[in-house]
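The structure under discussion appears below in the form of structure tokens.
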Amino acid sequence: MNRRKSLKIIGATGVGIAGLVLADWKWQLVDQLTHEGFFSFQEEKLISAIADTFIPAGIPAKSPFSNPKPIGALSTGTDKYLIRLIEHCYEQEEQEMIKNQLAALSKTNFLNQDQAGREEILLAMANSEVEEEKQFFALFKSQTITGFTTVKEVMVDYHGYQVAPGLFKGCVELSQA
């Protein structure tokens, strides 16, 4: 193979990779601008950050059949569970309270905090004198735990849950006494 052809191939590969990176960035921007749903794009990011703060990735998967990397609220889809739960299962008054508290949380620069900073903000809400902040904290804490502990990765792979425990042996010879 001659050098010119090799350089053309390397250059085309570099341009292709740069194009893919640019396309991915463009689609992320389009997702933000055209986001549809009950929650705004920013509110969904806050819900994901709250779930990740309550249950960060760090629980090792025990099963040899599962992914060996540690699991947390985001890797099990608990944040998506919370979004759908609040959208479809809560009354309008509770939804408005949640949206108001998410707006107040975004003013504290919650998304740009590290784990300790996020925990501090959430604990301040739990110990607050404002009843809505306490309700918000209690709701998110309990529903994050419920959503996380009821997924397959935790129930089957970590706790060893079996739908029908025991074995079924259909053809067993019986001794006649």
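The values are calculated or read from the model by the stated rules, or taken from the named source; none is laboratory data. All of these numbers come straight from a predicted model, not from anything done at the bench. As a convention, Cβ positions derive from the backbone with ideal geometry for all residues, glycine included, and neighbour counts pool all protein chains shown.
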*From the list Lys169, Lys80, Lys134, pick out the single residue that is of a type in the set (D, E, K, R), closer than 24 Å to Ala57 by Cβ and out of contact with any strand residue (DSSP E or B) (no Cβ under 9 Å at 6 or more places or on another chain).*
Lys80
_Only listed residue being surrounded by 10 or more Cβ atoms within 10 Å (Cβ to Cβ) and in the same structural domain as Ser48 (by TED's automatic domain parsing), chosen from Glu94, Glu131_ = Glu94
*Restrict the check to segment 111-124 and report whether at least one residue is closer than 13 Å to Glu43 by Cβ and surrounded by 13 or more Cβ atoms within 10 Å (Cβ to Cβ).*
yes
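Every residue, every condition in (1) at pLDDT below 95; (2) more than 17 Å from Lys141 (Cβ to Cβ); (3) among the charged types (D, E, K, R), yes or no:
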residue: Gln42; (1), (2), (3): yes, yes, no
residue: Ile50; (1), (2), (3): no, no, no
residue: Ala57; (1), (2), (3): yes, yes, no
residue: Pro64; (1), (2), (3): yes, yes, no
residue: Gly72; (1), (2), (3): yes, no, no
residue: Gly77; (1), (2), (3): yes, yes, no
residue: Leu82; (1), (2), (3): no, no, no
residue: Leu102; (1), (2), (3): no, no, no
residue: Ser106; (1), (2), (3): yes, yes, no
*asked:* If I filter segment 132-144 for residues that are closer than 17 Å to Ser48 by Cβ and over 17 Å from the mean Cα position of the chain (by Cα), do I get at least one hit?
replied: yes
*Single residue of segment 134-172 satisfying the filter (surrounded by 12 or more Cβ atoms within 10 Å (Cβ to Cβ) and among the β-branched types (Val, Ile, Thr)) that is farthest from Lys99 (Cα to Cα)*: Val156
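Yes or no, residue by residue, for (1) in contact with a helix residue (DSSP H, G or I) (Cβ under 8 Å, 6 or more places away or on another chain); (2) within 15 Å of Ala73 (Cβ to Cβ); (3) of a type in the set (D, E, K, R):
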| residue | (1), (2), (3) |
| --- | --- |
| Met97 | yes, no, no |
| Gln101 | yes, no, no |
| Gln113 | yes, no, no |
| Met125 | yes, no, no |
| Glu131 | no, no, yes |
| Gln143 | yes, yes, no |
